[in-house]
Amino acid sequence: MKKLKELLFSPKKNQKSTGPRIQKNRRGIEIKSPREVEYMRVSSKIVATVLKEISEIVQPGMTTGDLDAYAEKRIREMGATPSFKGYYGFPGSICASINHEVVHGIPSPKKVIRTGDVLKVDTGAYHDGYHGDSCITIAVGNVSKEAEDLIEAAEKALYKGIEQVKAGAYLLDIAGAIEDYAKSKNYSVVENFTGHGVGRNLHEEPAVFNFRTNQLPNVKLRSGMTLAIEPIINVGSKHTKTLRDRWTVVTVDNNLSAQFEHTVLVTQDGYEILTDRTKV
């Protein structure tokens, strides 16, 4: 298993970043001011808009390179910069992972999307100094019942976790809700990758787990925290491996995987989903 503090991306050793605003976060867990939250609402709305549009235009015969070009064009049209492009050398504006690919799929003009595919699209936007980050899983055309059920469970697992968010709650409340729901549906939870804080940096403290663990402090949530919550669940084994491209992560048993992610603001009484696609 990889280090528990590994976040969404797993950079190549000693590779420099060329993307926007990449720096070590030395400030611990950041509490966003009302003004900062307004900036994040903008970047997050851009992400939500792009993902909603992609979900509406994707069809069999397109390539993941087509979706990547579309996402970059739309992000830039809205005055933002793709958060992922150049991040530790990642070549795309989206991660596009199909079927047994778990995360970090590199978009390519040679990678054709087909009917029945389970397509994960993850993207981020950087606007006025702040990032938004979100992921959806799309059923392409007519998918199997197995795929349909997995996608539904992954999205519900995300919302089970989000429902625990409010000032005074704890990170492991989120993790436990996600883990319990996934396991109740007989799915495994990928443990190699976690959610994370998000804001001025694409990845900030704290790590947001999707399973119970005692290997890091169980952080108490405070109003003003902004978290990228992102469960990944599999039909079979929770274990993964990284392909030779050193980015694409797949299930070890070639079974299906699904992921959903939202950027969420912790409030005194609950939460606000900043990347809510129903509001764009």
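The values are calculated or read from the model by the stated rules, or taken from the named source; none is laboratory data. Since we're looking at a predicted model, the values are computed, not measured. Quick reminder, even Gly has a Cβ in these numbers, built from the backbone with ideal geometry, and neighbours come from all protein chains shown.
Quick look at the numbers
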{"item": "Subset of the range 52-76 (residues that are in a loop (DSSP other than H, G, I, E, B) and free of Cβ contacts under 8 Å to residues at least 60 places away in the same chain)", "result": "GLY61, MET62"}
{"item": "Residue tally, condition of a type in the set (A, V, I, L, M, F, W, C) and within 17 Å of LYS85 (Cβ to Cβ), over the range 119-153", "result": "3"}
{"item": "Sole residue being under 15 Å from the mean Cα position of the chain (by Cα) and at pLDDT 95 or above, chosen from GLY89, GLY124", "result": "GLY124"}
{"item": "Candidate set from the range 129-163 (those that are polar (S, T, N, Q) and out of contact with any strand residue (DSSP E or B) (no Cβ under 6 Å at 6 or more places or on another chain)); member that is surrounded by the most Cβ atoms within 10 Å (Cβ to Cβ)", "result": "SER144"}
{"item": "Cβ-Cβ under 8 Å pairs, at least 6 apart or on other chains, the range 31-51 side over 19 Å from MET78 (Cβ atoms) and in contact (Cβ under 8 Å) with a residue 60 or more places away in the chain, far side crowded, with 21+ Cβ neighbours inside 10 Å and of a type in the set (Val, Ile, Thr)", "result": "LYS32/THR226"}
{"item": "Some residue of the range 229-236 being touching a residue at least 40 places away in the same chain (Cβ under 8 Å), more than 29 Å from LYS52 (Cβ to Cβ) and among the polar types (S, T, N, Q)", "result": "no"}
{"item": "Meets criteria (of a type in the set (Gly, Ala, Ser) and within 27 Å of ILE57 (Cα to Cα)) for ALA175", "result": "no"}
{"item": "ARG114 more than 24 Å from HIS239 (Cβ to Cβ) and assigned to a helix (DSSP H, G or I)", "result": "no"}
{"item": "Search result, residues across the range 98-119 that are closer than 14 Å to ILE138 by Cα, surrounded by 23 or more Cβ atoms within 10 Å (Cβ to Cβ) and in contact with a helix residue (DSSP H, G or I) (Cβ under 9 Å, 6 or more places away or on another chain)", "result": "VAL118, LEU119"}
{"item": "Any chance GLU101 is free of Cβ contacts under 8 Å to residues at least 24 places away in the same chain and out of contact with any Asp or Glu (no Cβ under 9 Å at 6 or more places or on another chain)", "result": "no"}
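Yes/no per residue for (1) among the aromatic types (Phe, Trp, Tyr); (2) modelled with pLDDT of 95 or more; (3) assigned to a loop (DSSP other than H, G, I, E, B):
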| site | (1), (2), (3) |
| --- | --- |
| GLU148 | no, yes, no |
| GLN164 | no, yes, yes |
| LEU202 | no, yes, yes |
| PHE211 | yes, yes, yes |
| LEU216 | no, no, yes |
